[in-house]
Each structure stands twice: as structure tokens, then as C-alpha cells.
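Before any comments, here is the structure.
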Amino acid sequence: MLSDEPSGITVRTRFAPSPTGRLHLGHALAARVAHDLAREQGGHFLLRHEDIDVSRVRGEYYAQIEEDLRWLDLHWNEPALRQSSRLAAYAAALDRLRLLGVVYPCNCTRREIQDEVAAMVAAPQGPEGPLYPGTCRGLSDEATPPGMVADGSHAWRLDSRKAAKLTGPLTFTDLRHGTQVVNPDLLGDVVLARRDIGTAYHLAVVVDDAYQQISHVTRGEDLLPAAHVQRLLQALLGLPEPVYLHHPLVLDAQGRRLAKRHDALAIATLRQSGMSAAEVLARLGAGDF
Ligand code: GLU
């Protein structure tokens with residue numbers, strides 16, 4: 001699969017769960033894909049706790065995640081990174097985007113966005129529902145003096161079209177899905193900094209993929225649309241471009257992707273029921289991605 005990689009590349013992959021619940025079979029597959037890709041290439045497999053959302057993080061899950069991974073025989077290199085220790089790096093990246101003029105402050109509440117979308121004849125749609133309709137875009141050129149970043153009074157959104165104009169056309173490579181042309185409209189003007197925590201998933205993940213020198217970003221294919229905005233952010237921030245591998249999801253008997261409601265499929269539950277790690281991994285249906 002990696003045969004046309006330039007020789008000498010050190011493969012570095014990561015598994016990035018949130019310590020907001022127990023790992024389930026879907027996480028086990030994501031961890032295994034990242035782990036195996038690194039190990040096959042003599043590379044490094046890293047663990048990153050996505051713990052920026054302090055309202056949802058629960059302390060006991062860090063250890064539970066690490067225990068589950070060890071039990072599955074998926075051992076990581078280097079100490080696990082906690083995103084909560086990286087807030088200054090995310091703030092610096094946001095500041096850089098602000099200086100480029102590609103982010104804008106947004107005061108809209110969820111309710112206001114819903115109402116606006118409901119009132120629109122053709123609200124922009126994303127893969128998982130309506131997109132932000134752009135209410136605050138273009139309102140605030142004078143309201144964003146330096147130093148206003150993450151002061152808690154508003155969120156910051158990416159002006160996705162303006163950003164794409166600045167970068168020009170972009171692509172990224174996915175080892176399963178092939179070359180993808182970045183579509184800045186796919187997720188639209190995503191939040192890059194929540195008003196409560198001063199950052200958000202897309203911004204933190206690109207900053208940390210670069211910081212941890214991740215060569216191959218592997219994860220479930222529900223995040224394929226996310227790679228479009230993340231590639232755009234990498235280009236804006238001058239960060240290296242990883243190769244992607246978005247693998248199929250583990251689905252339940254109804255064909256739904258696994259979530260917290262599937263506690264019966266939590267790794268810890270399966271272990272307590274007497275299954276071996278090999279049996280759990282065998283249930284993943286992992287082909288050769
Ligand atoms: N924390 C995300 C998840 O558990 C993973 C994000 C990523 O791999 O980019 O789905």
C-alpha cells in the first residue's frame with residue numbers, strides 16, 4: 001500500500017480518542033489501523049487524548065483508554081499527548097488565521113442558527129445536516145482587533161470561501177479514496193474556536209498532527225469531510241500535508257455507527273464478558289486497508 005512512498009519516510013500515525021467515554025469496537029478498529037500501519041513500516045504509533053472539551057471530559061477515562069489499548073496489545077510510542085496542554089499553540093494558530101483575515105467572530109446561538117436555517121429557502125447542507133448560514137460573516141472587520149482571540153465572548157469561524165481563495169485549489173491523498181479535491185463548501189464556515197474553550201476540533205487536530213509529525217492520518221470514514229477543512233487549514237498555516245486513510249466504520253446490527261449508546265460493545269464490557277483481545281480484534285472485520 002505504501003510502496004510508492006519516497007524511501008526514508010518515517011511513518012508516524014496516531015489514535016486520538018476523547019476521554020469522554022469508554023472505548024468501543026469502533027475505537028478499537030481506528031487504533032488498530034493506525035497501529036498496524038505504523039508497525040508494518042517500522043514507524044511510530046502515537047496516542048493523543050482529545051480533551052479540550054472540559055465540560056465532557058471525565059478524569060477516569062484517560063486511564064481506561066490506556067488500559068484498553070494495552071489489553072488489545074496496541075502499544076504506543078512516546079508519552080500520550082493531551083490537547084488540554086496545548087491551548088497556547090491553538091491560540092497562536094488562531095491568531096495567525098486572524099491576521100490572514102480568514103476567520104470572523106460569531107455570536108450566534110445554536111437556536112438562532114436553527115431559526116435562520118429554518119427561514120431560508122435553500123439553506124446550505126453538509127454531510128450531516130445544515131451548515132452555518134454565514135450570518136456573522138462580513139459583519140465584523142472592525143470588530144476584531146488583535147488580542148480579541150478567545151476572550152470568551154464569541155466563537156471564531158473560518159471564512160471558508162475567503163480561505164480557499166487565498167490558498168487556491170488544494171487536494172489531499174487518501175489511501176482508500178484516492179486523490180480528493182478540497183471542497184471548501186463541504187463543511188462551510190466551521191467553528192475553529194468555541195467561545196467557552198478558545199479552540200475546537202479542526203484547529204487543534206491540524207496543529208497537533210503537525211506538532212507530532214504525523215505522516216499518515218488514519219481514522220473512520222465519517223471524518224473524510226473533515227479532511228477537506230483540515231487540508232485548507234494546513235495550507236493556511238503552512239503546515240505539512242499528511243497522507244490520509246479513512247477506513248470503514250464498525251456498524252451495529254442496524255447499520256448505525258457505534259456511539260456511547262453501544263455500551264455493550266465497549267472494550268471493557270467485552271473483556272469482562274470473558275472475550276480475549278484476539279477475539280475482540282477479530283470482531284472488527286478489519287480487512288487490509
Ligand atoms: N477524536 C476523534 C474521534 O474519536 C478523532 C479525530 C481524528 O482522528 O482526527 O472520532
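Each value in this text was obtained by applying a stated rule to the coordinates, not by laboratory testing. Model, not experiment: these values are computed from the prediction. Because the Cβ atoms are built from the backbone with ideal geometry, glycine has one as well, and the counts that use them run over all protein chains shown.
Based on the Kirkwood approach, the hydrodynamic radius assigned to the range 185-287 is 16.2 Å, with every pair of different Cα atoms included. Estimated from the Cβ-Cβ distance and a Förster radius of 35 angstrom, the FRET efficiency linking Thr269 and Asn183 is about 0.35.
Using θ = phi - 60° in the Karplus curve 6.51 cos²θ - 1.76 cosθ + 1.60, the 3J(HN,Hα) couplings for the range 84-99 round to 5, 8, 10, 4, 5, 5, 5, 5, 5, 5, 5, 4, 5, 5, 5, 5 Hz; x is entered for Gly and Pro. In this structure, the amide hydrogen of Ala155, modeled 1.01 Å from its nitrogen in the peptide plane, lies closer than 5 angstrom to those of Cys106, Arg195, counting only residues at least 5 positions away or on a different chain.
Between the Cα long axis of helix 60-71 and the first principal axis of the chain there is an angle of about 40°, rounded to the nearest 10. Our coupling estimate for the range 182-196, obtained by passing each phi through the Karplus curve with A = 6.51, B = -1.76, C = 1.60 and θ = phi - 60°, is 5, 10, x, 7, 4, 10, x, 8, 5, 6, 9, 8, 6, 5, 7 Hz, Gly and Pro reported as x.
Determine the shape class of the range 177-222: with a ≥ b ≥ c the square roots of the Cα gyration tensor eigenvalues, call it rounded for a/c under 1.5, and otherwise prolate if a/b is greater than b/c, oblate otherwise. Because a/c hits 1.5 or more and a/b fails to exceed b/c, the range 177-222 counts as oblate. Rounded, prolate or oblate: which one fits the range 109-261, using the alpha carbon gyration tensor with axes a ≥ b ≥ c (rounded when a/c is under 1.5, else prolate when a/b beats b/c, else oblate)? Oblate, since a/c reaches 1.5 and b/c is not below a/b. With pairing defined as another cysteine C-beta under 4.7 Å, the cysteines of the chain that fail it are Cys108.
For the range 217-261, applying the loop criterion from DSSP together with a ceiling of 11 other beta carbons within 10 Å to the trypsin sites (Lys or Arg not before Pro) yields Arg256, Lys260, Arg261. The amide H of Arg12, built 1.01 Å from its N in the peptide plane, has His44, Ser215, His216 as neighbours under 5 Å, considering only residues 5 or more places off or on other chains. DSSP finds beta bridges in the chain, and of those with both partners inside it, around 55 percent are antiparallel. Computed per residue of the chain from DSSP H runs no shorter than four, each worth -39500 (n - 2.57), the mean residue ellipticity at 222 nm is -10000 deg cm²/dmol.
Only one residue of Pro240, Thr218, Thr199 has its Cα farthest out toward the positive end of the dipole of the range 154-251, where Lys and Arg carry +1 and Asp and Glu -1 on Cβ, and that residue is Thr199. Loop-located GluC sites (Glu not before Pro) in the range 55-148 (DSSP state not H, G, I, E or B) with no more than 13 neighbouring Cβ atoms inside 10 Å: Glu128. Note that the range 14-30 has calculated 3J(HN,Hα) couplings of 8, 10, 10, x, 9, x, 10, x, 7, 5, 10, 4, x, 5, 4, 5, 4 Hz, one per residue in order, obtained from phi through the Karplus relation 6.51 cos²θ - 1.76 cosθ + 1.60 (θ = phi - 60°); glycine and proline are x. For a test of the definition: using alpha carbon positions, the gyration tensor, and the 1.5 limit on a/c, classify the chain as rounded, prolate or oblate. Judged from the Cα gyration tensor, the chain comes out prolate (a/c at least 1.5, a/b above b/c).
Computed from label points 7 Å out along Cα-Cβ, the spacing between Glu67 and Met120 is 4.6 nm. Report, by chain and number, residues whose modeled amide H sits under 5 Å from the one on Gly126, excluding near sequence neighbours (fewer than 5 apart, same chain). The answer is Leu131.
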